[in-house]
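Read through the structure below, which is laid out as C-alpha cells, and then see the notes.
Read the figures in this text as sums done on the coordinates, not as results from a lab. Being a predicted model, the structure only gives us computed values, none of them experimental. Here the Cβ positions follow ideal geometry from the backbone for every residue, glycine too, while neighbour counts run over all protein chains shown.
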C-alpha cells in the first residue's frame, strides 16, 4: 500500500530522519510514537508527499506520488495536519465542504452535502454547522478539520490512506475515543491510517502496529505487545515505567513514574 | 449560499446594465431624442434620425468611457480579490503593495522615451507597447513583493505593506525626475497618470483591455474554491488536490497583466481592489467562491458610478476619478487596519 525505503531528511546539515524504512499494508492502523523531536511529524510530512527533497521515491499503491494525478490522489489520500489555520473567516459547513472540493466544480452535488453531513455527525460537530469557524474553541476546530478530512475520503475507492498528525490534541476523553473508533472502523474496511500519537496507552489499545522513533531513527516497529516493553519504553523516554496487561482488554498498560 | 451564486450574478449584472444606461444619459451634453429605444434603433438603422453630434457624443465619448469604466473597475477589483486570496490578507491590493506604482513607473518611462518613436508606429501598437511595459513593471514589483514578504507560504503583512511603501516612494522619485525633464505634451500625459482618469477612453484601448480581461478571467474567475482551500494553509490545500504553486503563478502573472493594462490606459485609480472585496466580505464572509465572480461585476459598478459622478458633479469640469475612489477607500483602509490590529 505505502512503501518508502531509506527515508532521510536533514535541515541545514542537522539530521532529522535517518534511513527510515516503512511499509504499511492495507487495513493497517500504524501509530508513530516517540519523544519530542524524534521526527514524527517530519516523517508523516514526507510520507504524505508534502516535501520532495528525499532521494528515493515513495510508492503509494505501487505508483510514486509524481505518477499520480493531483485529483485522483486527493480521492485516495488525505492528511490531517497538526498546525491548522486559526483564521478562516467562513462558516463551519463551508470549511467541512472544502473536503469535497475535489468532487464538484462549482455547486456541491447532493452526494457532497450528504458526505459533509455524515462526516460532521462522525466527529460530533453537527450542532456547529452554521457557526463562524473563528469563534470555535481549539478542540472544536480540530473536530471540524477531522470532519473535513473524513468527507474528503468518502467515496467508493478501495484502499484509501489517511495521515493524522496528533489528531487528539485538545480533545476531551469522549471525543478522543470517538475519533479513534472512527479511524479504526475506517481501517477495518480495508483502508490504511498512519497516525502520530502522544498517548501510549491509546496507541496500545488501537494500533495494529506501532513505530517508535527516537532522534530520527526507528527504535522498534512491531505489534504493540512487542514495542511496549518496560526496557524499550523507559530507555527511549528516559523515564521509569511499569507495563502490565490492561485488566479489561489485555493490551499493554503503561504506567509512568513507577 | 453556494447554490445561489448564479442568482446573485444575474441580479448584479442587471443592476450594472441599468447603471450603464443611466450613465449614458448623464452629462453636460443632452441628447435630442430622449428614449433609449429611439436612439438605439436610430443607430442600428442609420436612417439619419440621429443627429451627428448626438451620435458622436454617444459613440465616441460616452459609450467608450462607460465600457472602459466597466472593464477597468472589474479588472482592478478582481486583481484585488485574487491578491487578497493569495496573500491571505484583506489589505493585499495592487495599489497598497506597490504594484500600481511599479506599473505606472514603467508606463511613464515608456511615454517619455517612446515620444521619440511615436510618430512612426500605428496607434494600436503604441498602446500595446505601453500596456506591455506597464505589465512588465507590475510583474517585477509583484515578484519582488512576494519574495520579500512571504516565507514558507506565510505572508508577513507588515513587510508586504512596507515593500509597497518603498516601491511607491521609488515610483514618485522617478516620476518627479521625468516631470522635471519632460516637455509640455509629455507633462500633460504624466500628470494624467498620477490622478487617474477615464477621459482618454477609445475603442482601440477598449479592445486591448477587453482581450486582456477575457484571457485573465478565463483562468482566474473559477479559482474561488482554490483560494478558499488556501486559507487552510498551502500544504493542506495541496492535499485537497489543488495545484497551489501553479495557481500562485497564474495569479501573479495575470493580476500583473490586469493591473498593468489598466494603469497604462487610465493611470492610477486607487482603492477599487480594496473597497469591493471589503463590501462583499461583509455579506458573504471570505467565501472566494462567491466573492471572486461577484467582485468582477461589483467592481464595474463601483467604477462606473464613480466615473459618472466625477463627470457630472461639477459641470463642465471633471473631478479626477482617483480622488473619488480614494475618498471611499481610505476610510475602509483604516477600518481594516483597526480590525486587524491584533494580528498585524
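For residue B:9 and residue B:41 in one chain, what is 0.36 nm times their gap in residues minus the Cα-Cα distance, to one decimal in nm?
8.7 nm
Once both labels are modelled 7 Å past Cα along the beta-carbon direction, what's the residue B:309-residue B:340 spacing in nm?
For residue B:309 paired with residue B:340, the spin-label model returns 2.4 nm.
Based only on Cα atoms, what mean projected area does the convex hull of the protein assembly as shown have, in nm²?
Average of the hull's projected areas for the protein assembly as shown equals 32.7 nm².
For segment B:13-140, what does the alpha-carbon gyration tensor say about shape, rounded, prolate or oblate, given a ≥ b ≥ c as the root eigenvalues, a/c under 1.5 as rounded, and a/b over b/c as prolate? Walk me through the intermediate numbers first.
Working: a/c = 3.46, a/b = 1.53, b/c = 2.26.
Note, shape of segment B:13-140 comes out oblate.
Could you check which residue among B:256, B:108, B:166 shows the biggest mean-square fluctuation in a GNM of chain B with a 10 Å Cα cutoff?
Of the options given, B:166 has the highest mean-square fluctuation.
Based solely on its DSSP helices, what 222 nm [θ] is calculated for chain B when runs of n ≥ 4 H residues each add -39,500 (n - 2.57) and the sum is averaged over all residues, nearest 500 deg cm²/dmol?
Working: 15 runs with 252 residues, N = 344.
So the helix-based figure for chain B works out to -24500 deg cm²/dmol.
Checking a compactness column here: for segment B:80-205, what do you get for Rg(Cα) / (2.2 N^0.38 Å), N being the number of residues?
1.16
Once you put a point 7 Å from the Cα of residue B:283 and another 7 Å from the Cα of residue A:229, both along the Cβ direction, what distance in nm separates them?
Placing both labels 7 Å beyond Cα along the Cβ direction yields 6.9 nm.
If packing is taken as the mean number of other Cβ atoms within 10 Å per residue, what is the order of A:66-76, A:147-157, highest first?
A:147-157, A:66-76
Using alpha carbons only, how many degrees (0 to 90, rounded to 10) separate the axis of helix B:321-339 from the longest principal axis of chain B?
That helix lies at roughly 20 degrees to the long axis.
Over all Cα pairs of segment A:118-172, how is the pair count split among 5 Å bins, expressed in % and running from 0 up to the last occupied bin?
For segment A:118-172, the binned pair fractions read 4, 18, 28, 25, 15, 7, 3, 0 percent.
From the gyration tensor of the Cα coordinates in segment A:86-157, what semi-axes in whole Å does the equivalent ellipsoid have, largest first, with each one equal to sqrt(5λ)?
Semi-axes (√(5λ), whole Å): 20, 13, 10.
Which distance in Å, rounded to a whole number, links the C-alpha centroids of segment B:135-174 and segment A:211-258?
The two parts, judged by their Cα centres, are 52 Å apart.
Of all alpha-carbon pairs in chain A, indicate the percentage at a distance above 22 angstrom.
57
Given the peptides A:3-9, B:75-81, B:332-338, B:85-91, arrange them by the average over their residues of other C-beta atoms within 10 Å, most packed first.
B:75-81, B:85-91, A:3-9, B:332-338
Once you keep just the Cα pairs under 8 angstrom separated by 6 or more residues, what percentage relative contact order results for chain B?
Over chain B, the number comes to 31 percent.
Across peptide B:235-247, what mean number of C-beta atoms from other chains lies inside 10 Å of a residue's C-beta? Kindly include the intermediate steps, with their values, before the conclusion.
Values: counts 8, 12, 2, 7, 15, 13, 14, 6, 2, 0, 0, 1, 0.
The per-residue average across the peptide is 6.
So if each residue of separation counts as 0.36 nm, and I subtract the Cα-Cα distance between residue A:65 and residue A:26, what length gain in nm does that give? It would help to have the intermediate numbers written out before the result.
Numbers: separation 39, 0.36 × 39 = 14.04 nm, distance 1.73 nm.
The residue A:65-residue A:26 span can extend by a further 12.3 nm.
Could you work out the relative contact order of segment A:86-157, using alpha carbon pairs under 8 angstrom and six or more residues apart, expressed as a whole percent?
Value for segment A:86-157: 49 percent.
In peptide B:63-71, how many Cβ atoms from other protein chains are near each Cβ within 10 Å, on average? Please list the in-between numbers first.
Values: counts 0, 0, 0, 0, 0, 0, 0, 0, 0.
Per-residue shielding by partner chains comes out at 0.
Any idea what diffusion coefficient segment B:270-344 gets from Stokes-Einstein, in µm²/s, Kirkwood Rh on alpha carbon pairs, 4 °C, 1.567 mPa s?
Numbers: Rh = 13.5 Å.
This corresponds to a translational diffusion coefficient of 96 µm²/s.
Counting pairs of alpha carbon atoms under 8 Å apart in space and at least six apart in sequence, what relative contact order in percent does chain A give?
Relative contact order for chain A comes out at 25 percent.
Kindly provide log₁₀ I(q)/I(0) values, in the same order as q = 0.13, 0.17, 0.24, 0.32 Å⁻¹, from the Debye equation applied to equal alpha-carbon scatterers of segment B:256-305.
For the requested q values the scattering log ratios are -0.33, -0.54, -0.93, -1.21.
Kirkwood Rh and Cα-based Rg: tell me the resulting Rg over Rh for chain B, rounded to two decimals.
Reported Rg/Rh, Kirkwood definition of Rh: 0.98.
Beyond 21 Å, what percent of the Cα pairs of segment B:233-324 remain? Working shown, then result.
On the way: 2024 of 4186 pairs.
Roughly 48 percent, rounded to a whole number.
Could you give the angle, 0 to 90 degrees to the nearest 10, between helix B:36-45's Cα long axis and the longest principal axis of the Cα atoms of chain B?
70
Looking only at B:96, B:139, B:125, which one moves most when chain B is put into a Gaussian network model with springs between Cα atoms under 10 Å?
Among B:96, B:139, B:125, the largest mean-square fluctuation in the Gaussian network model of chain B belongs to B:125.
Counting each DSSP H run of 4 or more residues in chain A as -39500 (n - 2.57), what helix-only mean residue ellipticity at 222 nm follows after dividing by all residues, to the nearest 500 deg cm²/dmol?
About -9500 deg cm²/dmol.
If you build a Gaussian network model of chain A, linking Cα atoms that sit under 10 Å apart, which residue out of A:197, A:44, A:174 swings the most?
A:174
Calculate the mean, over all residues of peptide B:158-165, of how many other protein chain Cβ atoms lie within 10 angstrom of the residue's Cβ. Present the calculation step by step, with values, prior to reporting the outcome.
Values: counts 0, 0, 0, 0, 0, 0, 0, 0.
Mean number of neighbouring Cβ atoms from other chains: 0.
Which angle from 0 to 90°, rounded to the nearest 10, does the C-alpha axis of helix B:123-149 make with the longest principal axis of chain B?
The angle comes out near 20 degrees.
How many percent of DSSP beta bridges within the protein assembly as shown run antiparallel, rounded to 5?
Around 60 percent of the beta bridges assigned by DSSP in the protein assembly as shown are antiparallel ones.
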